[in-house]
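One structure is given here, and the rest of the page talks about it.
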Amino acid sequence: MAFPHLQQPSFLLASLKADSINKPFAQRCQDLVKVIEDFPAKELHAVFPWLVESIFGSLDGVLVGWNLRCLQGRVNPVEYSTAMEFLDPSGPMMKLVYKLQAEDYNFDFPVSCLPGPVKASIQENVLPDSPLYHNKVQFPPTGGLGLNLALNPFEYYMFYFALSLISQKPMPMSLHVRTSDCAYFTLVDRYLSWFLPTEGSVPPPLCSSPGGSSPSPAPRTPAMPFASYGLHTSLLKRHISHQTSVNADPASHEIWRSETLLQVFVEMWLHHYSLEMYQKMQSPHAKESFTPTEEHVLVVRLLLKHLHAFANSLKPDQTSPSAHSHATSPLEEFKRAAVPRFVQQKLYVFLQHCFGHWPLDATFRAVLEMWLSYLQPWRYAPEKQAQGSDPQPRCVSEKWAPFIQENLLMYTKLFVSFLNRALRTDLVSPKNALMVFRVAKVFAQPNLAEMIQKGEQLFLEPELIIPHRQHRLFTVTTSFLSPWPPVVTDASFKVKSHVYSLEGQDCKYTPMFGPEIRTLVLRLAQLITQAKQTAKSISDQYVESPSGRSFLSWLTFGLTDTNSCYPANDLDEIGQDSIRKTDEYLEKALEYLRQIFRLSEAQLAQLTLALGSARDENGKQQLPDCIVGEEGLILTPLGRYQIINGLRRFEIEYQGDLELQPIRSYEITSLVRALFRLSSAINRRFAGQMAALCSRNDFLGSFCRYHLTEPALSNRHLLSPVGRRQVTNPARGPRLSLRFLGSYRTLLLLLMAFFVASLFCIGPLPCSLLLVLGYVLYAVAMTLLTERGKLHQL
């Protein structure tokens, strides 16, 4: 693609827009590479916003752009490799960003597209806590619409890139895309590895000008001191009109792109629920309607895993507090501050929302693994043990005690939230059993529970009145490279600061190892034992009938035994192997819970004995767990769990007029209604004759009573959880019922009978006569048996 060098920017943009419609993807990217190399920044300035939107899609989700979230290498290898090469951190698109960055261009980004809390804060003329927005808010001109942020090219690019994850419409369920294989996920990983390196330093900006590389300009946003992030940042709020300029130290230029990238990712992906609202409501308010997707959570997990590796790449001599006072590079300072100052608070509120609002299904596994990844920074440390063949987990080193104490709520309060979820899920499901097993296994790592308990003891220590503590809490430095605040050696104060900053000064903390949570754990252990018994019962049913449903049961077209104890779940679809996995997961989870909370073998044995057999003396299912109230039995939480998961149930049967019971799934609706009208007309027309026949004391009377009356009507009982009492049904006279002819099974059996008869050269009429004769003989036999039974009862 050749363009005259003196083309106007508007014509260049128009040409690129036309090519985006008419040319194939690979050719368009080649043309863009040539344009970026050949044209100066002055002409590329007008192209940049359109190009970013055409790649990542519009902020309202209408335009999908290159659809990076669905682009996979194994499905579209040419387009995938072309897009990845173009958007690589060292690729042409980033060269364009740096080319425009060198000329100090800025671009307007609408405030209305920012996460809810940030947008609300700016619209209320309050400057957000994050320095990402400082000195960027642009008031609209007279008659203008909306507020904008003035972003430099790198910020503008990263804002669009991060927001494309959540602004685009969720992928349809019919499209099976593995998130880790898509181009967007791979790009996130590449950007994190490039701008947050675990080895070496951040590569310098690339420049596409023939004259060689030029130094990157200072970021227009000053690099804020890391000590000002984190605790009590709400105290730093200022009116939006008081934005001030601070001259950034030149040494901070080394990492300004790293700092910007991390802040953009955290703000766009995690800052959707305000800490203030959470502290007021103890859960994110319903008005904050943002709902993360499974794909969103998986990308956040990738971010957390890389941040742990990034923070753990500090050299051993730079991880100690004494190293703070020595001269270290800005990148090393940033590694120390990245997780606690940038991520912790917003991640905690984000996780609290997910734990409280995510559906009770298997997709919660993504949230669970994201949480567990954050809880285990030692998994991403350089000295991580080689797994090898040793199945025993390694003891968690004491060096991680400060991290655990400064993230105490991540371990304790979120564990309680998971307990409450687990108590409401079907643990017979292998996927749910696996989640309980995963959490129990992580918390059962040697020495972890002891360090969590030590952190709780530090928090619960009575606070001494030390005047300088309050001064230390709100110390804020004024320069990026200024010395860190005095090291707080009081571990108890650190834990208290962490808890109060997230939960508020008047929070009510429930210890994870206290009696209240121990009771919840015992309830979970009881439900695990019940689920194991249920899985065993289902397994026994498979053993008894390994071939599945018989041919005759297939003829019922999905008729199920209404007295069956177990509802359909994924065990029915997967089979015996899945039942074995469920039992294995639950068995190990129970053992891990015993280790974590030091439950004795006697306590677990007592739970098993308390459950006992789920059968009563008649072999029927026991009633759900209840307590006796003034108006009968009242379900306990355990009883509700038993009903929801099919562990126990009340025996319920239809007590009304059998002719008026609801039409079943195995019946033909129109035919049943037509037969009901026909039988009703016959009953009205011949009511007197049928009554006279049924009143006879001879065999004919018995034969008519067998067909024209409901034999069990006088013996039917109303079942109640409290007891049984006789039903006072109105007397019904003899009547004819033709409803059985509306059943699919009956009609299929008749068709099969006619088909078999035709094989023996028996016509429809003789076949019908044979069927009638056979039924008469059957009815005579049943009449005799019924009468004999009545004589025995007398």
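State yes or no: is residue 95 touching a Ser or Thr at 6+ places or on another chain (Cβ under 7 Å), more than 30 Å from residue 289 (Cα to Cα) and not β-branched (Val, Ile, Thr)?
Judged against the criteria, residue 95 is a match.
So, of the residues in the range 176-196 that are small (Gly, Ala, Ser) and open to solvent by 30 Å² or more (accessible area, probe 1.4 Å), which turns out to be farthest from the chain's Cα centre (by Cα)? Can you show your working first?
Here is the first cut: in the range 176-196, the ones small (Gly, Ala, Ser) are 180, 183, 193.
Right, trim to open to solvent by 30 Å² or more (accessible area, probe 1.4 Å) and you get 180, 193.
Values: 180: 17, 193: 27 Å.
Top of the filtered list is 193.
Restricting to helices (runs of 4 or more DSSP H) lying wholly in the range 568-626: which have 1 or more residues that are open to solvent by less than 30 Å² (accessible area, probe 1.4 Å) and modelled with pLDDT of 65 or more?
Details: elements: 570-574, 576-596, 601-611.
The helices (runs of 4 or more DSSP H) meeting that bar are 576-596, 601-611.
What residue, of 737, 743, is in contact with a strand residue (DSSP E or B) (Cβ under 9 Å, 6 or more places away or on another chain), touching a residue at least 60 places away in the same chain (Cβ under 8 Å) and among the polar types (S, T, N, Q)?
743
Considering only the range 452-461, how many residues are open to solvent by 10 Å² or more (accessible area, probe 1.4 Å) and not in a loop (DSSP other than H, G, I, E, B)?
Result for the range 452-461: 6.
Confirm whether residue 55 is at pLDDT 90 or above and assigned to a helix (DSSP H, G or I).
Answer is yes for this residue.
Among the candidates 774, 763, which residue alone is within 25 Å of residue 709 (Cβ to Cβ) and either open to solvent by less than 100 Å² (accessible area, probe 1.4 Å) or among the hydrophobic types (A, V, I, L, M, F, W, C) (or both)? Explain how you work it out, then say what you get.
On the way: 763 fails: within 25 Å of residue 709 (Cβ to Cβ).
The unique qualifying residue is 774.
For the range 653-668, what are the residues that are surrounded by fewer than 11 Cβ atoms within 10 Å (Cβ to Cβ) and part of a helix (DSSP H, G or I)?
660
Has the range 681-701 got at least one residue that is under 54 Å from the mean Cα position of the chain (by Cα) and either at pLDDT below 85 or open to solvent by less than 50 Å² (accessible area, probe 1.4 Å) (or both)?
No, the conditions are met nowhere in the range 681-701.
Could you say whether any residue in the range 424-436 is closer than 25 Å to residue 295 by Cα, in a loop (DSSP other than H, G, I, E, B) and among the charged types (D, E, K, R)?
Looking through the range 424-436, at least one residue is closer than 25 Å to residue 295 by Cα, in a loop (DSSP other than H, G, I, E, B) and among the charged types (D, E, K, R).
Pick from the range 161-175 the residues that are under 27 Å from residue 106 (Cβ atoms) and either open to solvent by less than 20 Å² (accessible area, probe 1.4 Å) or in a loop (DSSP other than H, G, I, E, B) (or both): which of them is modelled with the lowest pLDDT?
Among those residues, the one meeting the criterion is 168.
Quick one: is residue 499 within 24 Å of residue 457 (Cα to Cα), open to solvent by less than 50 Å² (accessible area, probe 1.4 Å), modelled with pLDDT under 80 and aliphatic (A, V, I, L, M)?
no
The values are calculated or read from the model by the stated rules, or taken from the named source; none is laboratory data. Note that the coordinates shown come from a computational prediction; the quantities given were computed from them, not determined experimentally. Neighbour counts are summed over all protein chains in view; Cβ atoms, including those assigned to glycine, are modelled from backbone coordinates with ideal geometry. These area figures cover heavy atoms from the full protein model, side chains too; ligands, DNA and RNA do not enter into them. Shrake-Rupley method; radii C 1.70, N 1.55, O 1.52, S 1.80 Å.
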